[in-house]
Amino acid sequence: MKRPEPVQIRQEGPSMLGISWSDGLESSYPVRALRQACPCAHCIDEITGKRILNPDAVPADIRPMKLEAVGRYAIRIRWSDGHETGLYSFDLLRQLHPRPREDAGAEERAS
């Protein structure tokens, strides 16, 4: 089975990035969360895998300034804070896809 790829990437208001995938999935990502999840060596220690980037240091009003395709496997996002070294693979973006809670009412019924 072929790996899903973005067919459209769009800004959804000032703080969300939308991706339509080749398999029909629609994703909306909070842009600050994407910046906090940057996988580059400036944000994650290459040896230990430990996150170096302090998530609280990412400005609340962070914005993607430019998106670039990297082959057929990733996008590079140039951020308003000047950061631009992270490659967001399609696999990573799928892992970061915000999933709705399976049963949002279950906790309410249990209380």
Inset, instruction - Can you pull the one-decimal nm distance between simple spin-label points at A57 and T85, each 7 Å off the Cα toward Cβ? - result: 1.2 nm
Inset, instruction - Sort by residue number and name the cysteines in the chain that have no neighbouring cysteine Cβ under 4.7 Å. - result: C40
Legend entry - Contour excess over end-to-end distance, with Cα ends at L92 and S28 and 0.36 nm allotted per residue: 21.6 nm
Inset, instruction - Give, in whole angstrom and from largest to smallest, the semi-axes √(5λ) of the equivalent ellipsoid of the range 34-88, with λ running over the eigenvalues of the Cα gyration tensor. - result: 18, 16, 7
Inset, instruction - At 7 Å along the Cα-to-beta-carbon direction for both K66 and K2, put a label point, then send me their distance in nm to one decimal. - result: 2.9 nm
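Rule-based calculations on the coordinates, nothing more; no lab input. Please read these numbers as outputs of a predicted model, since none were measured by experiment. We place every Cβ from the backbone using ideal geometry, glycine too, and count neighbours over all the protein chains shown.
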